[in-house]
Each structure stands twice: as C-alpha cells, then as structure tokens.
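Have a look at the structure below, then the notes.
Every number here is computed from the coordinates shown, using simple stated rules; none is lab data. Note that this is a predicted model, so its numbers are computed, not measured. Positions of Cβ are backbone-derived with ideal geometry, glycine not excepted, and every protein chain shown enters the neighbour counts.
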Amino acid sequence: MPWRNATIPAFLTAFADLIRSSHYCADFEEGFGPPPMNGWRDLAALLHAARGAVVRGELPTPEPISDHRGVEDAETLRGYIQWLTGDFQNDQADLAMRAAEEPRAREGGWAHAVIENWLATWSYWLRDWYLTCLKAASPELKAEQAARLEPVTWTSIAIQLSAARIYSSRADV
C-alpha cells in the first residue's frame with residue numbers, strides 16, 4: 001500500500017477517520033476491536049490502513065480534547081487526535097516563525113516533525129516502556145506499569161500518542 005498520508009497531520013487525520021468509520025469504533029470492556037482481532041493487532045491494522053486511507057471528511061468533527069487522560073472511548077480519542085493535529089500544525093508554524101527570526105531555531109514542542117521519525121519514536125517509547133515494566137522492582141509495580149497499556153484501549157492509545165509527541169530516546173541521537 002502506498003503512503004498517501006506521509007505527513008503527521010495527514011496520518012493523524014486518516015487514523016481518526018478510520019477509527020470512526022470502521023468496525024473499530026465499537027468499544028469493548030476488555031480492550032478494543034471485535035474478535036478474533038483485538039488489542040495490538042487491531043492497533044497495528046489501524047496504523048497500517050492509515051498510511052494509505054482516503055480521508056473523506058464526511059464525519060462530524062469531535063470536540064478537541066487536549067489531555068490524553070480525558071480519552072474514554074473512540075469518539076474522545078478522535079477528539080484528542082484532532083487536538084494533536086492542530087497542536088502539531090501550530091508547533092510547526094511557531095517553529096517556522098522563530099526560524100525566520102533566528103536561523104538556528106530548530107526545536108519545537110514536538111520531538112519530531114517527520115512521520116518516519118515520529119513513528120520510530122512511538123516504537124522506541126513502547127520498547128522503553130516494556131523494558132521498564134520488566135525491570136520493575138516488585139510484581140505489584142510490574143502489574144501497575146503494565147496496566148497503563150495492557151490491554152490496548154482507546155485511553156492507552158492516547159497515552160502512546162501523547163508520549164510519541166514528545167519522546168526522545170538514545171536511539172534518536
């Protein structure tokens with residue numbers, strides 16, 4: 001599948017559109033997505049589909065939500081993604097304005113401005129989160145850490161998107 005949505009705003013918009021317009025919008029108490037697919041596999045399928053999805057723009061626009069902790073279902077995740085998209089665009093505009101004034105200005109609020117780097121950062125954050133869970137001092141702490149993202153829910157996807165927005169790892173250097 002070719003990359004139709006090769007920028008962060010286009011990718012996020014397609015991702016939000018797919019959440020609303022597909023079978024993924026049904027919420028399940030034990031994670032998201034209908035059997036036999038669920039959890040990480042559904043999330044990977046959504047991400048894969050968002051690369052080339054045609055955004056139709058026919059869906060109602062949800063109220064933007066600026067805090068990942070406010071995400072409870074598919075619709076509020078769409079609102080959070082809408083906020084992230086606007087936040088990215090504002091960040092890039094601000095960075096461009098600062099760069100015009102100071103040519104060495106290169107840092108914005110988002111750790112990465114290129115889709116490939118942003119997706120890689122997301123994967124680095126998941127890797128580091130998983131390693132943190134494995135290194136937890138006690139079984140209780142391991143369970144507490146794992147519960148933030150397992151099972152995959154609309155809220156845990158928002159946590160991941162929030163982390164990918166600002167995360168830098170040693171692999172980035």
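Of note:
- In this simple spin-label model, placing a label point 7 Å from the Cα along the Cα-to-Cβ direction at both ARG20 and ILE166 gives a separation of 2.7 nm.
- Highest to lowest packing among 155-161, 135-141, scored as the average C-beta count within 10 Å: 155-161, 135-141
- Over segment 94-161 - Rg/Rh using Cα atoms and the Kirkwood inverse-distance radius: 1.18
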